[in-house]
Structure formats: C-alpha cells, structure tokens
Amino acid sequence: MSRKESQSKNLNNVKLSPITVRSYKQTVNRIKDFDSETNFGINFNTINLNFYYAFVQYLEKNNYSTNTIGKHIKNLKTILNAATEDGYNSNLKYKHRDFKTVSKESVSIYLTEAEIEAIYNLDLSKTKDWELARDIFLVGYYTGQRVSDYNHVKKEQVKRFQGTEVIEFNQRKTGKKLYVPLHPRLKKIFKERYQDNPPPELNAPDINEFIKEVGRKAKIDSEISLEKELNGNFEIVKVPKYSLIQSHTARRSFCTNAYLSKMPVIDIMAISGHSTEREFYKYIKVKPQERAIKISQSNFFTK
C-alpha cells in the first residue's frame, strides 16, 4: 500500500490528533510487517477476507492482544473508508460482515477513595522516582484527565476565575478546552514538593512501572481474577490489585468515585470530556450493588 493510498488525503482532510495519527501509523506499520513476512502483496485489490484472516492470524502469532488486533482492524477500515470516498479504492470486500473488528472486555480497575488516600499518605521521600510517579498519578486522579494531558501540566495552565483556581486543559485527543478546579491536595503537592509548580513530566512507561510499586507499598493487594491465555488455553488467574494499576487508572478512578459521591454526571463529563452519557457509563466501574445504593439515596426512595 503506497503512502499516498494509506493516508488518503489525511482521511478526508479531517484534522487528526497526534495520538490518532500515531495509532494509524502503528496499524500501517503492522501491515507492512505482515506483508514483508508473508509476501502477501498488499494493495487495495488484495484486501479481502483472505487477507483479513491471514493478518489476524499473523497478529495472534505475534502475541498481540484481542483488543489490539481489533484496534488495527478498526483503523484499517477507517483508512479504507476514506480511500473509497476519495476515489482511490473501489474494492469493497472490507465491508463484508466477517471483516469485523474484534474485542474482549479487559480487566480495568479503579481505586477506591480509601486506596487513593493510602497512596496520597505514603512517605516516598526516599524513592524519588516513585514519589514523582505518585504525584503525577494524583494529578490525573484529581483532574480526571488522560495521561497525555495530565503528565505535563504547566504552571501557566493554572488560572483564577472569580477567586477560584482552575487548571486549563486542551485535551490532545479531543481538542476540547476544559477547566478543572484545582484540588487543595494538588495545590499542597505543587507548593511543598515542586516550588509551586506541577510535577515535571515522566515517561508514561515509567509511570506505569512505578505506580505499581507505589500501590504495592500502599498494600493495595486484594486479589483480582482475570482470564489469561497460557499456551493457547485460557485460564482464570488471581493477581494482586496493585499489579493492574496503570496511568489510565487515575482517570477511571476519578470518574467512578465522583459518580459514587453523587456528583452530577453532567459535571463529571464536563471535567473528563466524555461526549455522551452512554460512553461515560460504559467507562466507569460501578458494581450493580453500588449503583443500587446510590439510587436508594435519591429523593424517590428517601421520602
């Protein structure tokens, strides 16, 4: 697939975020790798069900997760749709019902308010890398942003409106401009450890590595069951909760805890940037029992 074909007028001249562009480039690179290894002869005319099954099998053989495979198929279909609309492609085999994205619900955790409290109260002064990762993670938790936005907050983003300090975000993924109240705990962290500045940026992989260690030290070790593929077989294994903490856990924890604290969903979405309530409810991690308790506290059930 030529560069011109793969980009197809930059997807109908729609301005794409850097994160989205990177995702498309990853997909194109995986297709190139597949073509190099198999000599499939990739062009618009050869993208059919035979290609689909061979490409998926190639990704599975190289240990890509189900959701990553689904992401690449979804990206490819988006590129092909744009190429078709722009007149570069006339082969519609990719629209076949079996040429489909695949997905599997992943185990995504959230941290309770008590677990956030434990992380916040840890003395990490002797392990500065862990301390920095913890502080950045808390910026994510108390702002509800994605790591691409909360990992490099600058002092000039802190604004004051009518006596209230807020942090201004221009979300990289969506382009939305959002204002989030500056939480007192963040203000204290900025003042006491970073000379009234937000914590400096840290590589995202390092955040993921160090925040697990922080979670372990905070004794966030309840067992979580998950399905894991071992030698082609799926087995249920139990892992300590801290081993599943990642940078995006901060945002999910904010959304879930804010919901459970009875903050109006429309206000949570104004902070997180979720576009629809359907998208928001799919994102948060609330057990049916927790939702029932929240509903029981509404005026309907307390009159």
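Site pair E37 and K219 shows an inter-label distance of 4.6 nm when each label is modelled 7 Å from Cα along Cα→Cβ. Springs between alpha-carbon pairs under 10 angstrom, Gaussian network model over the chain: which of E113, E227, E131 fluctuates most? Result: E227 has the largest fluctuation of those listed.
Over the stretch 184-265, the Kirkwood radius and the radius of gyration, each from Cα atoms, give a ratio Rg/Rh of 1.08.
In this Cβ point-charge picture (+1 for Lys and Arg, -1 for Asp and Glu), the chain has a dipole of about 720 debye about its Cα centre. Each Lys and Arg Cβ is given +1 and each Asp and Glu Cβ -1; about its Cα centre, the stretch 30-159 then shows a dipole of about 460 debye.
Any of K126/K212; K71/K241; K177/K285; K128/K159 with alpha carbons more than 20 Å apart? Name them for me. Violating the 20 Å limit, Cα to Cα: K71/K241; K177/K285; K128/K159.
Helix-only arithmetic for the chain: the sum of -39500 (n - 2.57) across DSSP H runs with n ≥ 4, divided by the residue total, places the mean residue ellipticity at 222 nm at -16000 deg cm²/dmol.
Normalised by the number of residues in the stretch 3-95, the average gap of Cα pairs under 8 Å and 6 or more apart makes the relative contact order 47 percent. If every alpha-carbon in the stretch 121-236 counts as one equal scatterer, what log10 I(q)/I(0) does Debye give at q = 0.14, 0.20, 0.24 1/Å? Taken in order of the listed q values, log10 I(q)/I(0) reads -0.67, -1.09, -1.38.
Relative to the dominant Cα principal axis of the chain, helix 18-38 is inclined by about 40°. Within a straight-line Cα-Cα reach of under 12 Å, K238 can be paired with the following aspartates and glutamates, leaving aside sequence neighbours fewer than 8 residues apart in one chain: D221, E223, E227.
In the stretch 31-113, which chymotrypsin sites (Phe, Trp or Tyr not before Pro) are in a loop and have at most 11 other Cβ atoms within 10 Å, using DSSP for the loop call?
Values: sites: F34, F40, F44, F51, Y52, Y53, F55, Y58, Y64, Y88, Y94, F99, Y110; in loops: F40, Y64, Y88, F99, Y110.
Here no chymotrypsin sites (Phe, Trp or Tyr not before Pro) fit, given the DSSP loop and packing criteria.
Nearest 0.05, what FRET efficiency do K77 and T127 give at R0 = 41 Å with Cβ-Cβ as r?
On the way: r = 45 Å, r/R0 = 1.10.
The computed FRET efficiency comes out at 0.35.
Here's the list of aspartates and glutamates a cross-link from K191 could span, going by alpha-carbon distance under 18 Å and ignoring same-chain residues fewer than 8 apart: D123, E131, D135, E156, E165, E201. For K25, the aspartates and glutamates whose Cα comes closer than 16 Å to its Cα, not counting residues fewer than 8 places off in the same chain, are E5, D33, D35.
R193 to K61: extension gain in nm, 0.36 nm per residue of separation minus the Cα-Cα distance? Intermediate values should be presented prior to the final figure.
Values: separation 132, 0.36 × 132 = 47.52 nm, distance 4.67 nm.
That works out to 42.9 nm of additional length.
How far is helix 128-143 tilted off the main Cα axis of the chain, in degrees rounded to 10, range 0 to 90? Here the helix axis deviates by roughly 90 degrees. Against the chain, whose longest principal axis comes from its Cα atoms, helix 204-217 is set at around 40 degrees.
We did not get these values from a lab; they are worked out from the coordinates using the rules stated. Small disclaimer: the values here were computed from a predicted structure and weren't measured. Here Cβ is always computed from backbone atoms with ideal geometry, including for glycine, and neighbour counts include all displayed protein chains.
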